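Okay, so here's the structure we're looking at.
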Amino acid sequence: MNTRFKPWSRRLAWALPMIALLAGCDTGKDEKAKPHAIATYTSATWENLPAVSDSDLQAGFESWRSACQRLKADPVWGTTCAASATVPSTAVAIRDFLKANLDVYGLRSADNSPNGLITGYYEPVYPGSLTETPTAHVPVFGVPDDLIIVNLESIYPELKGKRLRGRLEGRVLKPYDDASAINQQGSTAKPIAWLTNPMDLQFLQIQGSGRIQLADGRQLRVGYGDQNGYPYRPIGRWLVEQGELKKEDVTMGAIAAWAKAHPQRIPELLASNPSYVFFSARPDSNEGPRGSLNVPLTAGYSVAVDRKVIPLGSLLWLSTTRPDGAPIARPVAAQDTGGAITGEVRADLFWGTGDAAGELAGNMKQQGQIWMLWPKGAALPKVPDAPTGT
């Protein structure tokens, strides 16, 4: 779950914004600007794809196939998923299956560039308690009973994936409290746990899932429950605007270090992001956290995407680098979404659980390319136009 959001998994199924109002702008022309798609697909061949190792091919394919139980009734992927069930887990068999059943399309940005931003996310582990204590005093709220969710696509199909969130005041639906109000005044929701550091809660919300290390050695697993309806605004961007960090230096580690050096300004930092994520307790498991597709994520082979550009369940071919510059080329499965994973050539790579995964995720802001492997004969997804002014 990219910062980035991830549902925030976000990077796990989360941080869906309220409808944005389109602002007009003066183009200096009499005619209206023509809208353009936020991304396009370009037909490619298997020979266009960067070579991958047999082990990466097998791991990426198994990550994608792990979601087929969820996709068996999907009009695009159902048939391909059913056929994949009998494919042996060998590189030769997998390559033959993919080439026989899928076509290759390169993803390009609105300006026709194949390059885009690839970030990372992970499942953090933070110290905490099931009850409030003198040291564990930061609540991890469950979903409030008074949070109302309106699915707009049921009335306006063109708003697929868009939802409004708020609370009823009489007969009027009003916006829900923003993060600043919740941090200062609390919530009607019941805390499911307590953390020791407000920055841990912010990073937990950014990742969208995590584990809380309890004093008795147990861990409580929590995942995205819902969100207050406000768009996510990166706290790193606020630090840049304040002149506290340079844009190229923004990482989770740099943000945490700044917060540790300026504890009195943490409320101001957190107030810059109005989005607030509510959590739910999840069963303990050695599997990865569940993403938006409700299947366990696979470290290194699951990604969060913008579902307006790449449908959940899709098999992708990713070419990028690690933070240290080492190349990455492998198939990955689109199994999650995130509030900051929007438009064009964009993905958030899930790195796993714990500090080592967090180090990779926090430092990953790489250039990369994405190809989509799409069932033969299936219509390509329609990508919405980017908003333009007049």
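The values are calculated or read from the model by the stated rules, or taken from the named source; none is laboratory data. Since this is a predicted model, take the numbers as computed values, not measurements. Quick reminder, even Gly has a Cβ in these numbers, built from the backbone with ideal geometry, and neighbours come from all protein chains shown.
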Test: residue in the range 270-285 that is modelled with pLDDT of 95 or more and of a type in the set (D, E, K, R) | no
Report, ordered by the first and then the second residue, all pairs with beta carbons closer than 6 Å, sequence separation of six or more or different chains, a first member in the range 114-128 that is more than 17 Å from residue 360 (Cα to Cα), and a second member that is polar (S, T, N, Q) and modelled with pLDDT of 95 or more.
-> 114/369; 115/367; 127/196; 127/213
Enumeration of residues in the range 28-73 that are surrounded by fewer than 17 Cβ atoms within 10 Å (Cβ to Cβ), part of a loop (DSSP other than H, G, I, E, B) and modelled with pLDDT of 95 or more = 45, 50, 51, 53
In the range 331-365, the residues that are polar (S, T, N, Q) and modelled with pLDDT under 95 = 337, 342, 353, 363
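Residues checked against (1) over 21 Å from the mean Cα position of the chain (by Cα); (2) polar (S, T, N, Q); (3) in a loop (DSSP other than H, G, I, E, B):
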site	(1), (2), (3)
211	no, no, no
245	yes, no, yes
256	no, no, no
273	no, yes, yes
280	no, yes, no
What number of residues within the range 34-73 satisfy the criterion of being closer than 21 Å to residue 378 by Cα, among the charged types (D, E, K, R) and within 21 Å of the chain's Cα centre (by Cα)?
-> 2
Residue that is farthest from the chain's Cα centre (by Cα) [pool: residues in the range 141-157 that are assigned to a loop (DSSP other than H, G, I, E, B) and of a type in the set (Val, Ile, Thr)] = 155
If you check residue 314 against the conditions, is it farther than 30 Å from residue 166 by Cα, in contact with a Phe, Trp or Tyr (Cβ under 9 Å, 6 or more places away or on another chain) and polar (S, T, N, Q)?
-> yes
Checking residue 225 against (1) of a type outside the set (A, V, I, L, M, F, W, C); (2) more than 21 Å from residue 353 (Cα to Cα); (3) in contact with a Phe, Trp or Tyr (Cβ under 6 Å, 6 or more places away or on another chain), which test does it fail?
-> (2)
Filter the range 218-243 for residues that are touching a Leu at 6+ places or on another chain (Cβ under 8 Å) and not in a strand (DSSP E or B); which is nearest to residue 202 (Cα to Cα)?
-> 235
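Quick one: in the range 281-309, which of the residues that are of a type outside the set (Lys, Arg) and more than 15 Å from residue 123 (Cα to Cα) is surrounded by the most Cβ atoms within 10 Å (Cβ to Cβ)?
The qualifying residue surrounded by the most Cβ atoms within 10 Å (Cβ to Cβ) is 305.
Among the residues of the range 305-363 satisfying the criterion of being assigned to a loop (DSSP other than H, G, I, E, B) and over 16 Å from the mean Cα position of the chain (by Cα), which is nearest to residue 223 (Cα to Cα)?
354
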Meets criteria (at negative phi and either in contact with a Pro (Cβ under 7 Å, 6 or more places away or on another chain) or among the aromatic types (Phe, Trp, Tyr) (or both)) for residue 106 = yes
Residues 361, 271, 356: which one is on the phi < 0 side of the Ramachandran plot and crowded, with 21+ Cβ neighbours inside 10 Å?
-> 361
Condition set assigned to a loop (DSSP other than H, G, I, E, B) and in contact with a strand residue (DSSP E or B) (Cβ under 7 Å, 6 or more places away or on another chain), scope the range 74-108, selection farthest from residue 38 (Cα to Cα): answer is 77
Matching residues, the range 188-243, being over 24 Å from residue 149 (Cα atoms), of a type in the set (Val, Ile, Thr) and surrounded by 20 or more Cβ atoms within 10 Å (Cβ to Cβ) = 212, 235
Got a sec? Which of 121, 126 is at pLDDT below 95, of a type in the set (Phe, Trp, Tyr) and crowded, with 17+ Cβ neighbours inside 10 Å?
-> 121
